[in-house]
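Below is one structure; the comments refer to it alone.
The values are calculated or read from the model by the stated rules, or taken from the named source; none is laboratory data. Predicted model, so just to flag it, every value in this text is computed and none were measured. With ideal geometry, Cβ positions are generated from the backbone for all residues, glycine too; neighbour counts draw on all protein chains shown.
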Amino acid sequence: MEEREKASQILQVLEALKQATRHIQRHHTSDSPAVKALLEFQNILSSSDPKLYALSEHLNRLKTLVHSLNNSKGLRSFLTRPLSTHSLSRLAVSIESEIQAWIDRETLLTLSTSLRNPGDGISDLVALLTQFRDRISQGFNRELQDLVLKLKLFSSLETVLLDEKCADRVREQAGLAVAALIRFNKDVFVGQVMMGPTVRALVSMGSVHSVEVLCSLIRSIRSPLVDEIESNGEIPRVIALLNSRDLQLQVLALECVLEIGYFGRKEAVEAMVKEGLVEKLVELQRSENGGDLIENGNERVCGVLERRPFASCVAKFAVQLEVGEGLRQREKRAVKPEILVRVREASLSDAEAATIAAEVLWGSSP
């Protein structure tokens, strides 16, 4: 606990110094409290640490430049001052970059330690995971990626994700961090998702956030991940989530099914149909949160979907298959008649079957 408090104090100081560099960038002043804070920091910074060498050099240059700006006089000073203040601003950018790298090191080291003991300080771990996700969501950074790989953070996140003894909110945040890493650099981290237990863990959790992560991963990795879901026998478990009593989870499960339909190849689509997906969608469309959109104009569709998220869900699924990337054209033509047969068998009346069939045939789903 003392180490965490010490790390927290260091991070607070570094964040304050980072804000000081931003003040300099905005105001270009050489005699502000922000400059004084950085110069005081320069006096106590150890340059013997190779990780801090660049920062130490930048601060030494800052000291020299500030001294020049504050003591220069006359016409030459008047002429060169704009260039010098521009150099001051650029130097502040470099200092900020080095301070951010230090913050990243401290944060990821603390996160790595915490992930090895996820039962200690759950709120702190959730905050660290959220901070980590926010950081990597800012865009690619080579040094940050190297640190993630060196600390084997992806493996640690998967371990937490699989640990059923761990708090659900920690596991969910770990899943969200995995999805953020895929967006951070898909080429590097997709392989680890495909070879690891991430998908199985997300499906088995069956929570709102875990299904959100699964949908995000499907959109990022596309058909290869759907192939993995199908080959691991996870499709029945995904479809089973449509039976949840939690409406939000049901809606997300439908979104997940639609994503699988869009990116899934023949085997995945056949697995969903054989598992009774069409019949389940007919049931959902018949529910109080369902209905049809065939009689609604385009201007009313969005409002209907907000109130009744399962409206025309059979047609939505058919449209995903039709416009999706996974099926060949002849496979798309073959699956629609099977959907219509199953619709007729699952409908409670000829009128219901006719309405759903019309939507499927004419693509009334938006």
Any chance the range 264-271 includes a residue that's among the basic types (Lys, Arg) and either in contact (Cβ under 8 Å) with a residue 40 or more places away in the chain or over 15 Å from residue 335 (Cα atoms) (or both)? yes
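Enumerate the helices (runs of 4 or more DSSP H) found wholly within the range 175-240, keeping only those where 2 or more residues are within 15 Å of the chain's Cα centre (by Cα), surrounded by fewer than 18 Cβ atoms within 10 Å (Cβ to Cβ) and not aliphatic (A, V, I, L, M).
Working: elements: 186-195, 198-205, 208-221, 223-231, 235-240.
Ranges flagged: 208-221.
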When you go through 270, 279 one by one, which is the residue that is of a type in the set (Asp, Glu), at pLDDT 95 or above, assigned to a helix (DSSP H, G or I) and touching a helix residue (DSSP H, G or I) at 6+ places or on another chain (Cβ under 6 Å)? 279
Kindly establish whether residue 315 is out of contact with any Pro (no Cβ under 7 Å at 6 or more places or on another chain) and free of Cβ contacts under 8 Å to residues at least 12 places away in the same chain. no
Flagged in the range 241-267 as among the hydroxyl-bearing types (Ser, Thr, Tyr) and either assigned to a loop (DSSP other than H, G, I, E, B) or at pLDDT below 95 (or both), in numbering order, are 244
Taking the criterion of being at pLDDT below 90 and not in a helix (DSSP H, G or I), would at least one residue in the range 79-99 satisfy it? no
What are the residues in the range 1-25 that are modelled with pLDDT of 90 or more and among the basic types (Lys, Arg), if any? 18, 22
